[in-house]
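Structure record follows, encoded as structure tokens.
Please treat every number below as a calculation from the coordinates, not as lab data. Keep in mind that what you see is a predicted model, and the values were worked out from it rather than measured. When we count neighbours, we look across all protein chains shown, and the Cβ atoms used for this are built from the backbone with ideal geometry, even at glycine.
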């Protein structure tokens with residue numbers, strides 16, 4: 001049996017942290033594009049979102065390549081940055097009049113309350129799906145080239161991360177969601 005050899009890269013976590021931090025800027029750019037209140041900014045918003053997704057894929061892969069098993073402040077808040085990007089996407093959708101302000105605020109309030117109550121990273125991960133799904137839907141409808149580029153990117157990521165996805169990511173997510181159900185039964 002051949003062993004799987006992982007290439008280590010010194011200082012990879014520094015680069016990973018830079019990529020993670022860049023997503024904060026990209027979240028702001030999404031929101032800022034929405035402030036223009038112009039639906040012609042949708043291709044730029046889709047491009048920014050895809051770029052954020054690319055940095056998300058790369059930062060984790062790079063961090064795992066660093067030979068030093070240390071945590072960094074930025075790396076420990078990767079999920080928080082991911083949520084910020086999804087909030088940037090939601091902000092874009094609301095500010096560009098694809099969603100009403102009431103629906104956007106209701107979603108943020110409900111998601112925040114559930115994440116706060118359960119204190120679950122899996123729930124924070126799941127809360128990102130509706131804003132991203134909204135961006136995909138709008139992209140496919142109003143900027144099809146960019147919508148399809150986003151769909152192709154998602155498919156490519158699933159293919160590239162396939163060995164890790166069914167072995168680690170999906171089981172951990174499902175286990176965390178089951179724990180939410182157990183938490184709820186304890187307090188009923």
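What the table below lists for this structure:
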| read-out | value |
| --- | --- |
| Mean Cβ neighbour count within 10 Å, used as a protection proxy, ranking 151-161, 79-89, 130-140, 98-108 highest first | 79-89, 130-140, 98-108, 151-161 |
| Rg(Cα)/(2.2 N^0.38 Å) for the stretch 1-153, N = residue count | 1.14 |
| Among 33, 110, 62, residue whose mean-square fluctuation peaks in a GNM of the chain (springs only between Cα atoms under 10 Å) | 110 |
| Computed helical MRE - 222 nm, the chain, DSSP H runs ≥ 4 contributing -39500 (n - 2.57), nearest 500 | -25500 deg cm²/dmol |
| Contact order normalised by residue count of the stretch 12-162, Cα under 8 Å, 6+ apart, percent | 31 |
| Volume per residue of the C-alpha convex hull in the stretch 47-118, rounded to whole Å³ | 96 |
| Over 13 Å [Cα-Cα, the stretch 9-55], rounded percent | 58 |
| Shape call, the stretch 92-188: gyration tensor on alpha carbons, a/c limit 1.5 | oblate |
